[in-house]
Amino acid sequence: MKSKTTKRHDRRRKLATALISGAMGAVAAQPAFAQDVQQISDERVAFDIAAQPLSSALSDYARQAGVNALYYSERLHGLSAPAVEGDLTRQDALDRLLLGSGYGGRINGANLILVQDASRPQRDSAATNGAETANEEGATASDDQEEIVVTGTRIRGAAPAGSHVITLDREDIDQTGRSTVQEVLQTLPQNFGGSQNEATQEGTQNARSNFTYGSTVDLRGLGADATLTLVDGHRLAPAGVGGYIDISTIPLSAVERVEVLADGASAAYGADAVAGVVNLILRDDFEGAETGLRFGVTSQGGASERSFSQLLGTSWRTGHIMGAYEFRERDELNMLDRPFLASANFTDRGGTDFRGTRSNPGNIIRIGTTTVSLPIP
């Protein structure tokens with residue numbers, strides 16, 4: 001029978017033998033593990049990864065390569081990866097996937113480790129990420145944004161929504177056969193012809209305040225002060241009683257085109273544009289000389305018209321100048337020149353006899369057997 005001391009020594013000997021055997025097994029296994037890792041790295045795998053965002057492409061890579069991918073997906077936002085197809089080693093496929101992204105990767109055992117590429121500054125990658133992120137956010141915002149209807153704007157050349165701008169260019173102006181700006185605008189049905197102009201200088205309330213014999217634009221008949229008249233987009237000073245703009249001072253030969261907004265535009269231009277806006281665009285880019293002569297007469301005679309215009313323009317390296325002169329003269333139309341107005345007796349046409357016995361100066365009338373009317377000299 002063995003003593004207790006001998007048994008204790010036997011147990012220690014067995015334990016040491018087990019530890020030595022375990023250490024030898026670990027040492028022997030280390031070269032085998034390294035050999036397995038090397039075999040995994042050199043093994044070719046059939047990859048089929050489509051072109052897509054880099055974060056999702058790395059997920060497909062990890063699934064097909066059989067490795068664990070370790071990276072921050074937020075840092076890859078906005079980066080794209082090319083398509084990778086074919087039988088490749090895991091490292092070759094990873095290098096192709098990360099080409100041009102600013103990142104590098106390596107396979108460490110069964111793990112994929114992603115690191116910042118030292119050859120490319122991080123700010124470049126950040127700038128690229130920021131730009132692409134802004135583009136993606138802009139595209140998302142454009143898809144989600146709602147329609148905005150602009151009912152008033154101060155942007156030059158932009159009309160409020162729902163408004164129709166009537167434009168008369170130089171060819172349209174010449175085809176009207178008119179000789180003044182007022183006559184050209186009178187061809188528009190939206191312009192009321194009863195306001196201040198040369199045809200209403202007598203017998204109307206507007207004429208009594210038209211001391212300067214000017215002409216104006218009155219859209220919708222709301223009054224000349226409710227129509228804003230501009231020249232090249234700029235306001236003009238009023239020329240008569242009532243605050244209207246005298247367009248007869250603008251030579252027609254100097255006008256390139258006329259833009260008429262025949263709807264209320266007070267939201268954009270103020271209270272003086274309740275009826276609309278008329279913008280006269282001048283020929284400020286004209287170069288050379290243009291002379292115009294015009295003679296006109298009515299079909300039944302009378303009211304003959306003569307006009308002359310001269311337009312000069314030139315430009316140089318730092319500026320441009322244009323000058324226009326226009327002269328116009330028209331004869332009166334006598335009522336006696338029209339048979340239907342020569343007499344106040346309209347009974348032959350089914351009307352009333354408006355003739356009277358009163359006159360100025362007065363007459364001396366003697367009533368008796370024979371009525372005698374003697375004019376006062």
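What follows is calculated from the coordinates using simple rules that are stated; it is not laboratory data. Computed from a predicted model, the values in this text were never measured in an experiment. Using ideal geometry, Cβ is built from the backbone for each residue, glycine included, and neighbour counts are taken over all protein chains shown.
Between segment 309-330 and segment 218-241, the C-alpha centres lie 24 angstrom from each other.
Ranked for footprinting exposure by Cβ neighbours inside 10 Å, fewest first, Thr291, Thr229 give Thr291, Thr229.
The residues packed around Gly243, meaning those with a beta-carbon under 14 Å from its beta-carbon, carry a net charge of -3 if Lys and Arg are +1 and Asp and Glu are -1.
Would you mind checking segment 262-301 for residues with the amide N under 20 Å from a putative spin-label position 7 Å along Cα→C-beta of Thr314? Flagged as within label range: 283-292.
Of the trypsin sites (Lys or Arg not before Pro) found in segment 260-356, those in coil by DSSP whose Cβ has at most 10 other Cβ atoms within 10 Å are Arg317, Arg355.
Between Glu198 and Arg257, the modelled label-to-label distance comes to 2.8 nm, taking each label 7 Å out from Cα in the direction of the beta carbon.
For Glu332, Glu85, Glu198, the sequence from fewest to most other C-beta atoms within 10 Å is Glu332, Glu85, Glu198. Using 0.36 nm per residue and subtracting the Cα-Cα separation, the extra length available between Leu236 and Arg106 on full extension is 39.3 nm. Taking only alpha carbon atoms, segment 259-332 gives an Rg to Rh ratio of 1.17, where Rh is the Kirkwood radius. By the count of neighbouring beta-carbon atoms within 10 Å, fewest first, Thr176, Thr318, Thr216 end up ordered Thr318, Thr176, Thr216.
Stretching Ala267 away from Gln91 to a fully extended chain increases their span by 56.7 nm, per 0.36 nm per residue minus the current alpha-carbon distance. Dividing the C-alpha radius of gyration of segment 295-359 by 2.2 N^0.38 Å, with N its residue count, gives 2.15. Each other residue within a Cβ distance under 14 Å of Tyr61 adds +1 if Lys or Arg and -1 if Asp or Glu, for a net charge of -1.
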